[in-house]
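The values are calculated or read from the model by the stated rules, or taken from the named source; none is laboratory data. This is a predicted model, so every value here is computed, not measured. Every residue, glycine among them, receives a Cβ derived from its backbone with ideal geometry; neighbour counts consider all protein chains shown.
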Amino acid sequence: MRGADAVASEGKKRLEDVMPIATGLEREEVEAELEGRKRFDMDAPVGPFGTKLEVVGEGGPPEGYGDDDDDHH
């Protein structure tokens with residue numbers, strides 16, 4: 001007995017039965033999920049991200065700070 005019937009009777013899924021056209025990283029990810037492990041960490045990053053924000057008052061940034069391309073005014 002081979003194919004999908006064999007898989008159903010055994011209770012095990014094979015990559016070819018779930019996603020036969022998977023290749024590369026997608027194939028690795030699907031294989032890992034079938035084995036019960038995670039190939040990639042899907043948790044969002046925690047902690048500060050990006051650049052440090054600077055609070056600027058109504059008049060704009062203080063002299064000497066800001067964009068270097070301000071000479072077009």
Tell me, please, whether a residue that is modelled with pLDDT of 85 or more and of a type in the set (Val, Ile, Thr) can be found in region 3-10.
no
Going by what's in this entry, would Val30 be described as β-branched (Val, Ile, Thr), over 25 Å from Arg14 (Cβ atoms) and either modelled with pLDDT of 70 or more or in contact with a Gly (Cβ under 9 Å, 6 or more places away or on another chain) (or both)?
no
